[in-house]
Amino acid sequence: IACNEDRCTIEGPVTADNVLSLLAQGAQQLTGPRMTVDLSGVTEVDSTALSLLLEWRREAIRNNREVRFRNLPASMKSLAELYGVTELLGEN
């Protein structure tokens, strides 16, 4: 995860192999009142990627912050539809 002020980008895979590391990085970096996470550089996802985004969103809500997701890969959108959580991701 690379962040610049209120905008963060993720590049590479978001899978079970690295989701715990990304979760920890997000906890350290997604601390502003309104953060935007750009996923256009994500190359591979599995269902843990959805869990990651939903956890970041829950954590933001718990701390009266907002996190937005942009440029979700088509594969992530398909998984979100399959699991019925598209609205929860709130892609803007």
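The values are calculated or read from the model by the stated rules, or taken from the named source; none is laboratory data. Everything quoted here is computed from the prediction, not taken from an experiment. Don't worry about glycine lacking a Cβ; one is built from the backbone with ideal geometry, like all the others, and counts go over all protein chains shown. Please note that ligands, DNA and RNA were not included when accessible areas were found on the heavy atoms of the full protein model with its side chains. Shrake-Rupley method; radii C 1.70, N 1.55, O 1.52, S 1.80 Å.
Do we have L20 as open to solvent by 50 Å² or more (accessible area, probe 1.4 Å), free of Cβ contacts under 8 Å to residues at least 60 places away in the same chain and not small (G, A, S) here? Break it down into steps so the answer makes sense when it comes.
Working: open to solvent by 50 Å² or more (accessible area, probe 1.4 Å): yes; free of Cβ contacts under 8 Å to residues at least 60 places away in the same chain: yes; not small (G, A, S): yes.
Answer is yes for this residue.
Could you pull out every one of the strands (runs of 3 or more DSSP E) wholly within the chain that has 2 or more residues that are modelled with pLDDT of 95 or more and among the hydroxyl-bearing types (S, T, Y)?
On the way: elements: 2-4, 7-14, 34-45, 66-70.
Once the strands (runs of 3 or more DSSP E) in the chain are filtered for at least 2 residues that are modelled with pLDDT of 95 or more and among the hydroxyl-bearing types (S, T, Y), what remains is 34-45.
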(message) Where the second residue is outside any loop (DSSP other than H, G, I, E, B) and open to solvent by less than 50 Å² (accessible area, probe 1.4 Å) and the first is at positive phi and lies in segment 70-85, which pairs have Cβ atoms under 7 Å and are six or more apart or on separate chains?
(response) N71/D38; N71/L39
(message) Which residue is farthest from E5 (Cα to Cα), if the candidates are limited to segment 33-81 and must be out of contact with any strand residue (DSSP E or B) (no Cβ under 8 Å at 6 or more places or on another chain) and either of a type in the set (S, T, N, Q) or open to solvent by less than 10 Å² (accessible area, probe 1.4 Å) (or both)?
(response) S78
